[in-house]
1. Could you tell me which of LEU217, VAL314, LEU243 has its Cα farthest along the dipole of the chain towards the positive end, charges placed at Cβ (Lys, Arg +1; Asp, Glu -1), taken about the Cα centre?
2. Rank-order 43-54, 308-319, 96-107, 208-219 by packing density, defined as the average count of other C-beta atoms within 10 Å over each peptide's residues, highest first.
3. May I ask you to compute the full-extension gain from PHE261 to GLU315, defined as 0.36 nm times their residue separation minus their alpha-carbon distance, rounded to one decimal in nm?
4. Listed here are the pairs LYS17/LYS224; LYS118/LYS224; LYS39/LYS125; LYS172/LYS206; which of them are more than 27 Å apart at the Cα?
5. Can you give me the distance in nm between label points at LYS240 and ASP269, each placed 7 Å from the Cα along the Cα-to-Cβ direction?
6. Using a 1.4 Å probe, what is the accessible area per residue for region 27-94, in Å²?
7. Given N residues in region 20-129, what is its alpha carbon radius of gyration divided by 2.2 N^0.38 Å?
8. Under the rule of -39500 (n - 2.57) per DSSP H run of 4 or more residues, summed and divided by the residues of the chain, what mean residue ellipticity at 222 nm is obtained, to the nearest 500 deg cm²/dmol?
Amino acid sequence: MSGGHGDAGGPSGKMAKLKELLDRSENRLCADCSAPDPKWASANIGVFICVKCSGVHRSLGTHISKVLSVTLDKWSDDEIDSMVEVGGNSQANAIYEAFLPEGYSKPHPDSAQEERQKFIKSKYKLQEFLEPSLRIVSNHPSDAGKQASNSHSGSSKSEIGMVEYIGILNVKVIGGTKLAIRDMSSSDPYVVLTLGQQKAQTSVIKGNLNPVWNEELKLSVPQKYGPLKLQVLDHDMVSKDDLMGEAEIDLQPMINAAASFGDPELLGDIQIGRWLKSGDNALTADSAVMVTGGKVKQEVSLKLQHTESGEVTVEMEWMALNM
């Protein structure tokens, strides 16, 4: 993420400001449905939200709402400053719900997903409850909460379909071994993960066939999901990057096991599922789905396909949004 940590407060000082903001009584309830103890936030809008509402916010796209976990994600200085500038849920709602019709019933913690989606889309994307003079259609609707002077109408009014997400997948790309040579005697590898329309990639490691990344990539998992696609590519300054191999990861064993066992924080450290090696997949060995420290995790080692050689190891962590 962008944003430096150069001021005297330092990273820990900045996070302390965020925690201080979260601890205010007004921010101890979700800004959209009033569920207690919200642990998520929309960094560009400036509100604290619950896990159920965070899934709807994600479906709007990051150009409308950039969702971060208060406890799990790394925040940039700019993101924390943006939250502090808005001042919390009361101030944000005074703007985004200024023209909420009399008698309008906001969602409550147990509301159906459809009701939650309709309200959040109306509130932030369509800006139906904003004072008319503040309504702006731009790539940064949260600017409406900060100043009314930029009330120009942007041209990029793209309709993002309301995709319902069921969870967040953290993928730690650990490393590769015996990767294929694509330059004179080595390669400059990086990993690309694709899930539906989403892509995420690691940094490039120069001249290394046994790279160690230890980089975490995050993807939202829609209700209708397919396999997670992993590609290793050789970065080339001049021509198109060369494929160094690819593989697919079946997410069903982990997601289904997690759904069957319920809240992982209530479980001890146990194995809850397994993805078996077969001729139809790229596994180098069976892969166990574990609950470790209250989190659902799965380490996967893959033999890269469509290449001469190479293996890649990743560790996945699953966070369901409907817990």
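1. LEU217
2. Working: 43-54: 25.0, 308-319: 18.8, 96-107: 13.7, 208-219: 17.0.
Taking the mean over residues of other Cβ atoms within 10 Å, the ranking is 43-54, 308-319, 208-219, 96-107.
3. Values: separation 54, 0.36 × 54 = 19.44 nm, distance 2.00 nm.
Here the answer is 17.4 nm.
4. Working: LYS17/LYS224 38 Å; LYS118/LYS224 20 Å; LYS39/LYS125 22 Å; LYS172/LYS206 20 Å.
As for pairs spanning more than 27 Å Cα to Cα, those are LYS17/LYS224.
5. So the two model labels end up 4.7 nm from each other.
6. On the way: 2140 Å² over 68 residues.
Counting only protein heavy atoms, the per-residue value for region 27-94 is 32 Å².
7. On the way: Rg = 12.8 Å, N = 110, 2.2 N^0.38 = 13.1 Å.
The reported ratio for this selection is 0.97.
8. Details: 6 runs with 58 residues, N = 323.
So the calculated ellipticity at 222 nm is -5000 deg cm²/dmol.
The values are calculated or read from the model by the stated rules, or taken from the named source; none is laboratory data. Being a predicted model, the structure only gives us computed values, none of them experimental. Every residue, glycine as well, gets a Cβ built from its backbone with ideal geometry; the counts of neighbours run over all protein chains shown. Each accessible area value is taken on the protein alone, full model and side chains, heavy atoms only, with ligands, DNA and RNA left out. Shrake-Rupley method; radii C 1.70, N 1.55, O 1.52, S 1.80 Å.
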